[in-house]
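Every number in this text was worked out from the coordinates using simple rules, so none of it is lab data. The structure presented is a predicted model; accordingly, all values stated were derived computationally and were not measured. Every residue, glycine as well, gets a Cβ built from its backbone with ideal geometry; the counts of neighbours run over all protein chains shown.
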Amino acid sequence: MQDKGPTKKRLLAFRIIAVVAAVLVWIMIKNTDDPVTSRRISGIPITFENTEVFTDNGLSYEVQGGVTTATVIAYARSSRISDITADDFRASVDFNMITDINGAVPVDVVYIGDERALEDYTIVTTTLRITSESITTQAMNVRVTTEGALADGLSVGQIVIDPPTVYVSGPVSILNSIYSVGSVVDVSGAVDQVEQDILLKFYDIRGQQIDLGEYADEITVTDGTDEVDTVHVRIEILSAVGATLDIRVAGTDAVAEGFRYRGVSASRDSVVLMGSAEAVEGVRAIVVDGPELDVTGANADVVCQIDLSGYLPEGVRIDGDPTVTVTMNIEELVTNGFDVRASEVALTGEDTAYEYTVTGGAVLRLTGIADDLSGIEVTELSPRADVSGLEEGDHEVELSLTLPEGVESAEPAYVTVRVTEREPVPENTEGSSDEIPGTGE
């Protein structure tokens, strides 16, 4: 029987060929109308894994060139290529893969975007070059300075920092450039205590602030326990007032026999006090009366150093050196003689019925400090004798004297006063005449 048409097998084959031909035609059309193209995609952030490879060994690491992102070349249809961005990729570096702490480590880049959009990609950033250095810790005292003008009579006092010391950790090369840590506080217009938290800054040896920039994350600061970036600061604003020294010496009447306390002198008689306005209010004198200021039994000058700090109210201090040198003057007594002439003696208490004559001088024996005695003039002593109640005859009368301060009579002094009765004045007789002789009138 003659075959009049295709068999089922031939029909199936034709169909398959038609499908394949259609696919090939579609591919040809696709490649012609929507070809595969490439695009360079940069800025893919690189994450660093297993960094303890360095930190556990007391090291820090640095990527040469500061590279922190990866680049790939993506291949996709021209209709989709613009949809692919850096966010469609994940880049990472696993430090467990490094074989040399100062060597290269591979960069792994994975596509995480729409799989239908991407045909393929090539990693451009295949490795990173790593260098490392030791991490060290240095204890640094926090240094705080002030700036700004204060009102007249005010000054910056004590600066209290909490904590006063911090511990700075980081790569040796960076720490070597840090000379100090601290900050500058503006006290302009302050009239009382300034208290605040300040952000810690780093300074070089010239006092210039250091900008750590990209290395800031490699430096940590702790108070010994917790990580900190600020410290608490309390700054005193002090008032200045003047105060005199009131030096009180004991035993001034009980120095050694034959000596006399002459007074006290000090290396300064006033000081400037510093403190808060409240603390210095009303303080204008400092009473200094310590046990060292006692001259009992002394036979020579007593010199001592006094620390005035112990005599100040709480919250007040001396501006400058708080010590003062005190000298308590002790001098030996001497006795000198002074001749008094009769003409230099004044009489008091005279009776008009008598006449009085000082018939001889006297010798005064005065005791005192040599300097005080050397300048004495007898007339300045006003020597005088009281003749009240004396009758005729010669009498020894004690002299009274007006003595300078610090001078005493070693013994009484006497002068001889002769008292005589005055002759009566003759009176006119009764009946006497005032006639002019020879006139008969």
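What the table shows:
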| item | result |
| --- | --- |
| The range 341-421: translational diffusion in µm²/s, Stokes-Einstein, Kirkwood Rh over Cα pairs, 37 °C, 0.692 mPa s | 244 |
| DSSP bridge pairs, the chain: antiparallel proportion in percent, nearest 5 | 85 |
| Candidates 387, 288, 302, ranked by Gaussian network fluctuation over the chain, Cα under 10 Å, top entry | 387 |
| Listed residues 135, 123, 161, most fluctuating in the chain (Gaussian network, C-alpha, under 10 Å) | 123 |
| Projected-area mean, the range 135-238, by convex hull of Cα positions, square nanometres | 6.8 |
| DSSP-defined beta bridges in the range 29-120 - what % are antiparallel, rounded to 5 | 75 |
| Residue-averaged [θ]222 nm for the chain, counting only DSSP H segments that reach four residues, each worth -39500 (n - 2.57) | -2500 deg cm²/dmol |
| Given charges at beta-carbon only (K, R positive; D, E negative), |dipole| of the chain in Debye | 7360 |
| Cα long-axis angle, helix 8-33 against the chain (0 to 90 degrees, to the nearest 10) | 40 |
| Total formal charge among the other residues, if their Cβ is under 13 angstrom from that of residue 47, Lys/Arg +1 and Asp/Glu -1 | -2 |
| Residue with peak Gaussian network fluctuation, the chain [Cα springs, cutoff 10 Å], from 92, 374, 169 | 374 |
| The chain pair-distance distribution - Cα-Cα, 20 Å bins, rounded % | 14, 19, 18, 15, 12, 9, 7, 4, 2, 1, 0, 0 |
| Whole-angstrom gap from the range 260-298 to the range 104-123, using each part's C-alpha centre | 86 |
| Cβ-derived FRET efficiency at R0 41 Å, residue 85 paired with residue 212, nearest 0.05 | 0.80 |
| For the range 36-125, projected area of the alpha-carbon convex hull averaged over all directions, nm² | 6.0 |
| Fraction of antiparallel bridges per DSSP, the range 316-387 only, in percent to nearest 5 | 75 |
